[in-house]
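Rule-based calculations on the coordinates, nothing more; no lab input. What you see is a predicted model; the values in this text were computed from it and never measured. Methodologically, a virtual Cβ is constructed for each residue, glycine included, from the backbone with ideal geometry; neighbour enumeration extends over all protein chains shown.
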Amino acid sequence: MRKKIVAGNWKMNTLPAEGVVLAEGVVAGRGEVCSCVNFIVCPPFTHLSEVAAALKGSDVELGAQNCAAEAKGAYTGEVAASMIAALGCKYVILGHSERRQYYGETSETLNKKMEQAYANGLTPIYCVGENLDEREAGKHFDVVKAQIEEVVYNLTAEQFADLVIAYEPVWAIGTGKTATAEQAQEIHAYIRKVLADKFGAAAAECPILYGGSCKPSNAAEIFAKEDVDGGLIGGAALKAEDFLAIGKGFEK
């Protein structure tokens, strides 16, 4: 059985005190959701330590939104994988569409970040996905395949066994267009096939999360699809009630 995962990417939102309250809310309501669902929260770097304390004693896990491509050194403003691991992070989001778009992250950079993540015992949540132009040009399969081949194919079998993939329909985020559950399943199944081409039967065990506009009202429909193993949640992760309600989508 693949892991069922609901991960919250808080992005550049919440101040430290607000983050603690949000984390405490998730912990408080966690018991209302099936223990089969793995919850992960990914706050800004500035309050990882305080959120880690708020999660202590619960099974809600901590992740970071990014890490540096280097282990240490003269890289002003960067945060090393070893640093976030030392604060209690178990996961790190890598290759998010916003990092690719706004900060020019390439596969070359992401290979280095993946290496740093694994070297420090972190499980990468590796993001793939196409933008509106690529989707409308019918290039979505090619784009996603390249993002996997250029990075994931460089992993060892052991590393691949400790990987989470998140598919982001970038074309449906903030554009007014909506990705259907059927479209999510289509691309998730394709991603699993691309993974199987390299890693064989192990691809069946890799969790693939949906990173579109997942909310309490559509989570059950999306999570019911065979190759959708959860969600990488943005806006809805900023309210504990909504975040937990998405987790309940697995129960419907």
Worksheet item: Within the stretch 145-184, how many residues are within 23 Å of Glu221 (Cα to Cα), within 16 Å of the chain's Cα centre (by Cα) and among the aliphatic types (A, V, I, L, M)?
Response: 6
Practice prompt. Out of the residues in the stretch 153-163 that are part of a loop (DSSP other than H, G, I, E, B) and in contact (Cβ under 8 Å) with a residue 40 or more places away in the chain, state the one that is nearest to Tyr126 (Cα to Cα).
Written response: Leu163
Discussion item. Can you tell me which residue is farthest from Tyr167 (Cα to Cα) among those in the stretch 11-54 that are in contact with a strand residue (DSSP E or B) (Cβ under 6 Å, 6 or more places away or on another chain) and outside any helix (DSSP H, G or I)?
Written reply: Cys36
Worksheet item: Are there any strands (runs of 3 or more DSSP E) wholly within the stretch 55-152 with 2 or more residues that are within 22 Å of Gly8 (Cβ to Cβ), among the aromatic types (Phe, Trp, Tyr) and out of contact with any Gly (no Cβ under 7 Å at 6 or more places or on another chain), and if so which?
Response: none
Discussion item. Tell me the residue from Ala220, Ala201, Ala189 that is within 18 Å of Gly29 (Cβ to Cβ), free of Cβ contacts under 8 Å to residues at least 40 places away in the same chain and either among the basic types (Lys, Arg) or surrounded by fewer than 17 Cβ atoms within 10 Å (Cβ to Cβ) (or both), please.
Written reply: Ala220
Worksheet item: Within the stretch 170-183, is there a residue that is buried (at least 17 other Cβ atoms within 10 Å of the Cβ) and touching a Cys at 6+ places or on another chain (Cβ under 9 Å)?
Response: no
